[in-house]
1. Using a Debye calculation, one point per C-alpha and no hydration shell, please list log10 I(q)/I(0) for region 69-114 at q = 0.18, 0.33 Å⁻¹ in order.
2. What distance in nm separates the two pseudo spin-label positions at Asp131 and Glu156, each 7 Å out from Cα along the beta-carbon direction?
3. Looking at region 50-138, I'd like the Rg to Rh ratio, where Rg is from alpha-carbon atoms and Rh is Kirkwood's inverse mean 1/r.
4. What helices in the chain pass both tests, a Cα length along the helix axis of 20 Å or more and a mean Kyte hydropathy of 0.0 or higher, using whole DSSP H runs?
5. For Arg20 and Lys40, compute 0.36 nm times the residue count separating them, minus their Cα-Cα distance, and round to one decimal in nm.
6. Over 19 Å between Cα atoms: which of Lys91/Lys152; Lys63/Lys91; Lys32/Lys63; Lys27/Lys120 fall into that group?
7. Ordered by packing density, taken as the mean number of other Cβ atoms within 10 Å over each peptide's residues, highest first, how do 39-52, 131-144, 13-26 rank?
8. Treat each spin label as a single point 7 Å out from the Cα along the C-beta direction, and report the Gln141 to Asn88 distance in nm.
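Laboratory data are not the source of any read-out in this text; all were calculated from the coordinates shown. Bear in mind the structure is a predicted one, so any value in this text is a computation, not a measurement. Note: ideal-geometry Cβ built from the backbone for every residue, glycine included; neighbour counts use all protein chains shown.
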Amino acid sequence: KRIGFVNYETTLFNLTERDRGYKDALKAHGLKFDDHLFQKVSVMNSKADTAKVINRLSSGEHKCDAIFFATDRLAMWGLQHLNELKLNVPKDISVFSFDAAEAFDLFYCPITHANQPLEKMGKMAVNALIDIINKNKVISQIYLETDFVIGKSCRE
């Protein structure tokens, strides 16, 4: 019921959309948005900031049940710090990542994550670039579906 969210401090559209998605999902499930659970890390000091955020989210009065990482890199740093704190995923805290990282294969628990259609995204980007070069009409926004890979990092 208390889901922390970790994202970069950024204006990049895809990452700000993840902020919106987190807030919309809480609302859709009748969960109150808690500013203490909505955490941002500096792009310039990401690994250290992620550790500080994990400390805040995993203890004290604002302790959460789960952490949703907006990127796989943030999730890797978060998992590393959870290990340093000797917290067990998912027994002590559930973890979900947007995107997968090969490093997840090294973690003792398969990480539940969203899986973007990267190959399709790449093909569409190249096609859009070719259209721009050829002065054809280009679609300005494209929405693609994301798959979910169910691991064992989230409690039911």
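1. -0.44, -1.45
2. Placing both labels 7 Å beyond Cα along the Cβ direction yields 4.3 nm.
3. With Rh from the inverse mean 1/r over Cα pairs, Rg/Rh is 1.20.
4. Span-like helices here: 118-133.
5. 5.9 nm
6. Lys27/Lys120
7. The most tightly packed comes first, giving 39-52, 13-26, 131-144.
8. Between Gln141 and Asn88, the label points sit 4.5 nm apart.
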